[in-house]
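The values are calculated or read from the model by the stated rules, or taken from the named source; none is laboratory data. Since this is a predicted model, take the numbers as computed values, not measurements. Glycine gets a Cβ as well: all are built from the backbone with ideal geometry, and neighbour counts include every protein chain shown.
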Amino acid sequence: MSDIRLQKEAVLRVGEVSGVTGRRVLVTVDKDKNLSELFYDGDLLRNIAVGSYVDIRKGFVSLIGKVDGENANPDSSRSEDPDPIVRGRRVLSVSLVGFIDRKGHFYGGTKELPLVGNEAYLLTRERVLQVHNLIAEDGIALHIATSEYEGYEIALPVDGLMNSHIAIFGNTGSGKSNTLATLFQHFVAKMRSINAATFNENCRILLFDFNGEYAHSDCITDDKIVYNLSTRNDQGDKLPLGNAGGLDIEMLSIVSDATEKTQKPFLRRVLTQYERVTEGNDPTEHLRNIIRQQVSQVLQMSDKIRIDLLFDYLRQVLPEQDENGNPIEIASDLEWYSNSAQFKSGQDWLRGNQGAIFNTIVYQHVARFSFANDIIADFITFSYVQLIYDVLANRAQNEHIAPVINKLRSKQKDIRKVFDPAFQGELFGSNVVVVNLNDVNLEMKKTIPLLLCRRIYQEHKTSFQGKTLNIVIDEAHNILSTDSSRETESWKDYRLETFEEIIKEGRKFGVFVTIASQRPNDISPTITSQAHNYFIHRLINQKDLQSIASAVSYIDKLTEESIPTLPTGTCIFSGMAGQMPLKLNIKALEHSLQPKSNTLRFASLLAGNN
């Protein structure tokens, strides 16, 4: 060995192995290696300390360990002391994380244990980059981070990261939004720089933005479609639901919060009738004849309670005004006689008297019926017509079916404000789409992502041709929460099951989900545990920390304990894209590219008023 190499080895040497107990390795540090930093080959190296890595040489193999702790025992001179600690010297407790083979490739896991007396060294820049290298030989790299301890640039792989489910967790102000924006900003820019046409054709990104952070023109990419939705006024953008258009049972079930066993079959019957009537030559006259037939049956019934109920349904179907624009009461010419349990109109009894029925106000008023040319309003009309059918046939009860129609009616205005009335068009005018939900009410904030995700996922799954779809959900606790007092238990189960199906099965069809949240404990454990890669920023709440500990089993104790004290912008990266947890500093984007999530400063407010 040359003198120069001997000198370098002497500088890098920190001590030697003094004990091996299972995977616990003790390294006794040389007395002259207690400085905080060392100069080596033009680099300023941090000396060995808790949280840093150590290179233990065993023959031609370098065993890489992470320092979990250190101690010193001033009473080590006592012969009965079993610990191999020398007075005045530091002893490091090291856990092995991997090894570097003869070819310089790092592998995570424990291949073999060191021997007592093996020398331990600091990691040079080259060794650090070997340990942190996540890129395959032909892989595409995203240069978005630096190592937290050494400050060296760390590249993350496109394959293994962007074709996986990703979870980004962190309290407000921890850098979570910057990580999400930086990750996809560099991903889109990198892929378009390689082959923009192919990327735009084969890769789609759909981002749900609950707070309007990513909707401005430069964030993520300037070549994107932004849908700024609003339920407060009619000025917001409208969402199309694909070229298929029309209504489908899943969309109707989501919008109306329909139960699986009772209300959803009813909606299916309504949809069947809707399609049968509207596909005919004269849909308006066809439906008028159906209503006339129902009026005739109702006027000949003997159950006054059911008659009143059915007349209430007819009032929802028929116009509220006559041909002169005056309010009309469709039962004003009818008189009920309890003794004979039938109606009388003028001098005519109606049971069995079709001629008299034809002359009633309600029967003649059917001629004034027309469609509203609004797909939801017309579907509600068909719902009442179908409900009349079902009540006449004793197939349905009002208390079971009426809530689903009332739900459709209550959401009718909101649906009209955020969706294209024709439900036609292509959502992905660009392959990057941001849906801004900042100005949408709470109920629709849960409905829109569920509706879009389910429909797009089903379409992608059905026509899967090797293309990818990345669904990005910021503030994911808004729609993936396991606890909600605003919705029924069945609706909550349906919502969670939909997203759980996507995250469990989507990978096989090229569908990948990225979630970001400041409340991981609120998110379904099934969804949290299904992520392949995690970016964990500062979390303080004990329940959030417990949910991370149970979901991310491959984070060591020391790393887990550091989560509450992580500085802004620093995160723990762990998952299938790396062979061990890494503490990374995510690079901050330029101000114009950052999501609008900065904390308002009082100093800026005061300066602005002067």
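A compact table of results
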| read-out | value |
| --- | --- |
| Residues within segment 351-369 that are within 60 Å of the chain's Cα centre (by Cα), part of a loop (DSSP other than H, G, I, E, B) and at pLDDT below 90, tallied | 1 |
| Of all residues in segment 507-546 being of a type in the set (Gly, Ala, Ser) and under 13 Å from the mean Cα position of the chain (by Cα), the one that is nearest to ALA258 (Cα to Cα) | SER524 |
| Of all residues making up segment 177-212, the number that are assigned to a strand (DSSP E or B) and either free of Cβ contacts under 8 Å to residues at least 60 places away in the same chain or touching a Ser or Thr at 6+ places or on another chain (Cβ under 8 Å) (or both) | 2 |
| Some residue of segment 169-176 being of a type in the set (S, T, N, Q) and touching a strand residue (DSSP E or B) at 6+ places or on another chain (Cβ under 6 Å) | no |
| Any hit, segment 131-138, residues being crowded, with 23+ Cβ neighbours inside 10 Å, in contact with a His (Cβ under 8 Å, 6 or more places away or on another chain) and in contact (Cβ under 8 Å) with a residue 60 or more places away in the chain | no |
| Qualifying position, being closer than 30 Å to ILE471 by Cα and not assigned by TED's automatic domain parsing to the domain that holds TYR457, among LYS413, LYS344 | LYS413 |
| Matching entry among GLY246, GLY280, GLY242 (being in a loop (DSSP other than H, G, I, E, B), under 30 Å from HIS186 (Cα atoms) and at pLDDT below 85) | GLY242 |
| Single match in VAL128, VAL116 (criterion: crowded, with 18+ Cβ neighbours inside 10 Å, β-branched (Val, Ile, Thr) and farther than 30 Å from ARG519 by Cβ) | VAL128 |
| Within segment 70-101, considering residues that are at pLDDT 80 or above and not aliphatic (A, V, I, L, M), the one farthest from VAL17 (Cα to Cα) | ASP101 |
| Scan of segment 254-273 for residues that are surrounded by fewer than 17 Cβ atoms within 10 Å (Cβ to Cβ) and assigned to a loop (DSSP other than H, G, I, E, B), ordered by number | GLU260, LYS261, THR262 |
| Segment 296-310, residues that are touching a residue at least 40 places away in the same chain (Cβ under 8 Å) and assigned to a helix (DSSP H, G or I) | SER296, GLN297, VAL298, LEU299, ARG306, LEU309, LEU310 |
| Selection count, segment 186-205, where residues are within 21 Å of the chain's Cα centre (by Cα) and farther than 16 Å from LEU469 by Cα | 1 |
| Scan of segment 542-568 for residues that are surrounded by fewer than 20 Cβ atoms within 10 Å (Cβ to Cβ), outside any helix (DSSP H, G or I), touching a residue at least 60 places away in the same chain (Cβ under 8 Å) and not acidic (Asp, Glu), ordered by number | SER562, THR568 |
| Unmet criterion (only one of (1) surrounded by 20 or more Cβ atoms within 10 Å (Cβ to Cβ); (2) within 18 Å of the chain's Cα centre (by Cα); (3) not polar (S, T, N, Q)) for GLY212 | (1) |
| Criterion (over 16 Å from PHE266 (Cα atoms), small (Gly, Ala, Ser) and not in a helix (DSSP H, G or I)) met by exactly one of SER410, SER340 | SER340 |
| Odd one out for ASN289 among (1) in contact (Cβ under 8 Å) with a residue 40 or more places away in the chain; (2) part of a helix (DSSP H, G or I) | (1) |
| Residue within segment 103-113 that is crowded, with 18+ Cβ neighbours inside 10 Å and assigned by TED's automatic domain parsing to the domain that holds ILE56 present | yes |
| Residue that is farthest from ASP390 (Cα to Cα), among those in segment 311-337 that are in a strand (DSSP E or B) and of a type outside the set (Asp, Glu) | PRO327 |
| Test: residue in segment 483-490 that is polar (S, T, N, Q) and either modelled with pLDDT of 85 or more or within 20 Å of THR172 (Cα to Cα) (or both) | no |
| Conditions (1) at positive phi; (2) assigned by TED's automatic domain parsing to the domain that holds LYS190: number failed by ASP209 | (1) |
| Top-ranked residue in segment 12-35 [being in a loop (DSSP other than H, G, I, E, B) and free of Cβ contacts under 8 Å to residues at least 12 places away in the same chain; ranked as nearest to the chain's Cα centre (by Cα)] | GLY22 |
| Residue match in segment 438-454 (condition: modelled with pLDDT under 85 and touching a strand residue (DSSP E or B) at 6+ places or on another chain (Cβ under 8 Å)) | no |
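Rundown of residues vs (1) assigned by TED's automatic domain parsing to the domain that holds TYR389; (2) surrounded by fewer than 17 Cβ atoms within 10 Å (Cβ to Cβ); (3) modelled with pLDDT under 90, yes/no style:
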| site | (1), (2), (3) |
| --- | --- |
| ASP308 | yes, yes, no |
| ASP312 | yes, yes, no |
| LEU318 | yes, no, no |
| GLU323 | yes, yes, yes |
| ASN326 | yes, yes, yes |
| GLU329 | yes, yes, no |
| SER340 | yes, yes, yes |
